[in-house]
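Notes to accompany the following structure.
Any read-out appearing in this document is the output of simple, stated calculations on the displayed coordinates, not a laboratory observation. Remember, predicted model here, so these are calculated numbers, not experimental data. Cβ coordinates were reconstructed from backbone atoms using ideal geometry, including for glycine residues, and neighbour counts include every protein chain displayed.
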Amino acid sequence: MKLQHARVVLTGATGGIGQELLEQLLTAGAQVLIVGRRRSALDALAAGRWQRMRTVEADLATRAGRDAVEAAVRDWGGASVLLHASGLNELISFAAQDEESIEALLSVNVTATLQLTRRLLPMLQQQPQAVVVLLGSVLGSIGHPGYATYCASKFALRGFAEALRRELADTGVQVRYVAPRATRTSMHTAAAVRMNEQLGSTMDTPQRVAQQVLQAMQGTRHERYLGWPEKLFVRINQILPGVVDKAMRKKLPQIRQEAGPSRVVS
Ligand SMILES: NC(=O)c1ccc[n+]([C@@H]2O[C@H](COP(=O)([O-])OP(=O)(O)OC[C@H]3O[C@@H](n4cnc5c(N)ncnc54)[C@H](OP(=O)(O)O)[C@@H]3O)[C@@H](O)[C@H]2O)c1
């Protein structure tokens, strides 16, 4: 997929990684339709470059929001890239996470991603070449204490990407799954940043992650894991999960300090 003149639908464009993706896509010569819930943030991103950009204010967790995106893409004349960079996360012990938070996270990370892909697929299939890019996570392959619901959502996306890519293998639509490690954006609360520091987890810059997402879009690899040694941990977790169980168990006290206790008195 060549980025020059590509027509990209970018969700999560107002986020830390999304804003960098937008800048790099524009630099590469793409046209971009950005999606987010905050009109003022969308307008600020499009200011001075309306010829190459469109904005859609939409809550992707709602049917009405997805209707708005579908209509805007149709009105735009279709798209060749659907880049999903929206998402929610919460560092919290599962016992303490409330019903609304679980529902909201799964709704944005999983349901909205699948539903929007399904809606835009016919338009993507009209292009000679198209690509759907999903931003997963290393936590889509490694279950991590404090992130049970987030891990569930990213494991789901990885399975979706694999199945869809196989389903579309004889069409012009490629599917790419890119799994960053921790990245410095406002998705991480102060507690999450403290935990990463305590555990010695490196946090990438959004610039670096965006560069690699763009490489993935242009390359031929279906799945990409960002960061060393995290990509090795993904493999070890597949082959020897007991080793990772032991390592995580040792880290539980530090994780609980930020994510909260495993038992909540009701
Ligand atoms: N940061 C990390 O450490 C990390 C690591 C691995 C993977 N990722 C993944 O990378 C993606 C981007 O993460 P980020 O760090 O850039 O997050 P972020 O800075 O928190 O941005 C999240 C984005 O999602 C959008 N969003 C949230 N709920 C939405 C909804 N209901 N409807 C429409 N848009 C919604 C937000 O838009 P508005 O609030 O403006 O509507 C915002 O643009 C996510 O999928 C995340 O899971 C992040």
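Could you please report the charge total around G36, scoring K, R as +1 and D, E as -1 over all other residues with beta-carbon less than 10 angstrom from its beta-carbon?
Neighbour charge sum, excluding G36 itself: +1.
Order of S107, S80, S262, S137 from fewest to most other C-beta atoms within 10 Å?
So the ranking, lowest neighbour count to highest, is S262, S107, S80, S137.
Can you tally the net charge around V175? Count Lys and Arg as +1, Asp and Glu as -1, for every other residue whose Cβ sits under 14 Å from the Cβ of V175.
+3
GNM, the chain, Cα, under 10 Å: largest mean-square fluctuation among P206, P145, P128?
P128
From Cα pairs below 8 angstrom and at least 6 apart in sequence, can you work out the relative contact order of the chain, rounded to a whole percent?
21 percent
Using a 10 Å cut-off around each Cβ, can you sort M248, M195 from fewest to most neighbouring Cβ atoms?
Values: M248 16, M195 22.
Least crowded to most crowded, the residues run M248, M195.
Restricting attention to the alpha-carbon atoms of the range 115-237, what are Rg (one decimal) and Dmax (integer), both in Å?
For the range 115-237, the Cα-based Rg and Dmax read 15.5, 49 Å.
Run the helix sum for the chain: -39,500 (n - 2.57) per DSSP H stretch of 4+ residues, divided by residue count, reported at 222 nm to the nearest 500 deg cm²/dmol.
Value at 222 nm, helices only, nearest 500: -15000 deg cm²/dmol.
With θ set to phi - 60°, apply the Karplus curve 6.51 cos²θ - 1.76 cosθ + 1.60 along the range 81-88 and write out the HN-Hα couplings as whole Hz, x wherever there is a Gly or Pro.
Values, residue by residue: 9, 10, 10, 8, 10, 8, x, 10 Hz.
Give me the orientation-averaged projected area of the Cα convex hull of the range 1-77, in nm², one decimal.
Its Cα hull, projected and averaged over all orientations, spans 5.0 nm².
Name the residues whose placed amide hydrogens come within less than 5 Å of the amide hydrogen of V133, ignoring near sequence neighbours (fewer than 5 apart) on the same chain.
Correct list: L82, L83, H84, R176.
What fraction of the DSSP beta bridges in the chain is antiparallel, stated in percent and rounded to the nearest 5?
0 percent
Name the most mobile residue of A85, A58, A247, meaning the one with the largest mean-square fluctuation, in a Gaussian network model of the chain with Cα contacts below 10 Å.
For the chain, modelled as a Gaussian network with Cα springs under 10 Å, the answer is A247.
So if I take the alpha carbon set of the chain, get Rg, then get Rh from the Kirkwood formula, what is the Rg over Rh ratio?
On the way: Rg = 18.5 Å, Rh = 19.1 Å.
Over the Cα atoms of the chain, Rg/Rh equals 0.97.
How do W76, W50 rank when sorted from fewest to most other Cβ atoms within 10 Å of their own Cβ?
W50, W76
Report the trypsin sites (Lys or Arg not before Pro) located in the range 230-266 that are in a DSSP loop and have at most 10 other Cβ atoms inside 10 Å of their Cβ, or state none.
The qualifying sites are R263.
Just add up the charged neighbours of P145: K/R +1, D/E -1, any other residue whose Cβ is under 10 Å from the Cβ of P145.
Values: positive: R249, K251, R256; negative: none.
Computed value for this residue: +3.
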